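Here it is: the structure, laid out below.
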Amino acid sequence: MNNNEPYVEPLTPQEAEEDWLAIIARIRAHEAKKRKRKITRFVSAIAASILLLISTVLTYRMYVLPDIYFAKDSDLAITLKDNSHITLSKGAKLTVYKTFPSDTRDVFLEGDAVFKISKSKEHPFIVHAGSYEAKVLGTVFKVVQTGATFNVDLYEGKVQVSNSTKPKESYIIQPKETFSNMGSNQVATVAPTAQGDFKKKKISATLAFTDFYLQDALKIIERTYGIKIIFPADRASSKISILSKDATVDQLMENISIQLNLNIKKANVNTFELEE
């Protein structure tokens, strides 16, 4: 042994244990810091993902998801971006996509509503209701839907009504006229909204139906013109097709009598009889 080397007194068992515990504590502290850094990075990644998701949802709602207006408990007044005013009747729903207004101003209606449309010759306003479309340039009108019945009452301007199941057919409505399908996609009528006293005033109407049973067709004619029609019971199931534009009831009944090879006479001013 070299006497010049310094003497180091060995650790006591207690000192050795204390040093060992200190080493273990430093190792655990180091591992805890590593775990904390990992957790922080993980939490930061989760937070960033949540913020991205929220941002995506908000962006989708703001720029993609359509606006839906629902008149749940009472009428609801709406003003659209083009300054058109709509009043939804109780229970009605209107869907407007974020592309509104564009080349065509399209809205989608369930139920009844009154429309006051901001005028634009370049951008027609189109109300989609079931299989029907009401196309306008600037007008005030009312859409009423009850079951299968679709009506448009026009107050101002001009409306073109069409049915997607019959793309080649369309009907122009003038002020104080009503378009109605009388509860069937196979029927189209345009007649004065306020028909008044039929005895004093002859009205003209547009009617169209194809391969309709005679008894059903005559009921529609009776409702449109406010008249009564008597016909042979055995002809009730005969099929009839009518396309009559701006016709008086006399003109229409003459058309029907020729088509069915029946004679026609008037029992009185408001009653027609079809006879063999």
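Over the alpha carbons of the range 193-276, what is the largest minus smallest coordinate on each principal axis, giving the biggest first in Å?
Here the Cα extents, ordered largest to smallest, are 33, 26, 17 Å.
Same structure again: Among Ile230, Ile23, Ile240, whose mean-square fluctuation peaks in a Gaussian network model of the chain (Cα, cutoff 10 Å)?
Residue with maximal mean-square fluctuation among Ile230, Ile23, Ile240: Ile23.
Something else now. I need the semi-axes of the equivalent ellipsoid of the chain: take the C-alpha gyration tensor, multiply each eigenvalue by 5, square-root it, list largest first in whole angstrom. Please list the in-between numbers first.
Working: eigenvalues 1394, 81, 41 Å².
That gives 83, 20, 14 Å for the three semi-axes.
Taking Cα pairs under 8 Å and at least six residues apart, what relative contact order does the chain come out at, in percent?
Values: 473 pairs, mean separation 22.0, N = 276.
So the answer I get is 8 percent.
To the nearest 500 deg cm²/dmol, what mean residue ellipticity at 222 nm is calculated for the chain from DSSP H runs of n ≥ 4 alone, each contributing -39,500 (n - 2.57), summed and divided by the residues?
Taking each H run of at least 4 residues, the total per residue is -9500 deg cm²/dmol.
Short version: ³J(HN,Hα) in whole Hz for each residue of the range 107-115, in order, from phi by Karplus 6.51 cos²θ - 1.76 cosθ + 1.60 (θ = phi - 60°), x for Gly and Pro, what are they?
Once θ is set to phi - 60°, the couplings for the range 107-115 become 10, 10, 10, 10, x, 10, 7, 10, 10 Hz.
Does anything in the range 140-174 have its amide N under 17 Å from the 7 Å Cα→Cβ label point of Ser131, and if so which residues?
Answer for this model: 145-152, 161-171.
Please sort by residue number the GluC sites (Glu not before Pro) in the range 111-170 whose DSSP state is loop and whose Cβ has at most 13 other Cβ atoms within 10 Å.
Those that pass, being in a loop and sparsely packed, are Glu122.
If amide H atoms are built 1.01 Å from N in the plane of the peptide, which residues on other chains or at least 5 residues away come under 5 Å of the amide H of Phe231?
Leu274
Let me ask something else about it. Just how far, in whole angstrom, is the range 119-184 from the range 194-268 if you go by their alpha carbon centroids?
The range 194-268 and the range 119-184 have Cα centres separated by 24 Å.
If amide hydrogens are placed 1.01 Å from N in the peptide plane, which non-local residues have theirs closer than 5 Å to the one on Asp106?
Distant-sequence amide H within range of Asp106: Ile126.
Specify which residue in the list Asn181, Ile126, Ser257 is farthest towards the positive end of the charge dipole of the chain, using unit charges on the beta carbon of Lys, Arg (+1) and Asp, Glu (-1), about the Cα centre.
Result: Ser257, furthest along the dipole toward the positive end.
Still on this structure, please answer the following. Pick from Thr12, Thr206, Thr149: which is most flexible by mean-square fluctuation in a GNM of the chain where alpha carbon atoms under 10 Å apart are linked?
Per the Cα network of the chain with a 10 Å cutoff, Thr12 tops the list.
I'd like the carbon and sulfur percentage of the solvent accessible area for the chain, probe radius 1.4 Å, heavy atoms only, ligands and nucleic acids excluded.
C and S fraction of accessible area: 55 percent.
State which entries of Lys116/Lys158; Lys135/Lys219; Lys119/Lys142; Lys176/Lys202 exceed 19 angstrom in Cα-Cα distance in the structure shown.
With Cα atoms farther than 19 Å apart: Lys135/Lys219.
Keeping every protein chain present and rolling a 1.4 Å probe, give me the accessible area per residue for the chain in Å².
63 Å²
Okay, next question. Using DSSP to call loops (not H, G, I, E or B), can you name the trypsin sites (Lys or Arg not before Pro) in the range 90-174 whose Cβ has at most 10 other Cβ atoms within 10 angstrom? Kindly include the intermediate steps, with their values, before the conclusion.
Numbers: sites: Lys90, Lys93, Lys98, Arg105, Lys116, Lys119, Lys121, Lys135, Lys142, Lys158, Lys168; in loops: Lys90, Lys98, Lys119, Lys121, Lys158.
When the trypsin sites (Lys or Arg not before Pro) of the range 90-174 are filtered for loop state and at most 10 Cβ neighbours within 10 Å, Lys121 remain.
The values are calculated or read from the model by the stated rules, or taken from the named source; none is laboratory data. Keep in mind the model is a prediction, meaning the values are calculated, not measured. Positions of Cβ are backbone-derived with ideal geometry, glycine not excepted, and every protein chain shown enters the neighbour counts. Ligands, DNA and RNA are stripped out before the accessible areas are found, and what is left, the full protein with its side chains, is counted by its heavy atoms. Shrake-Rupley method; radii C 1.70, N 1.55, O 1.52, S 1.80 Å.
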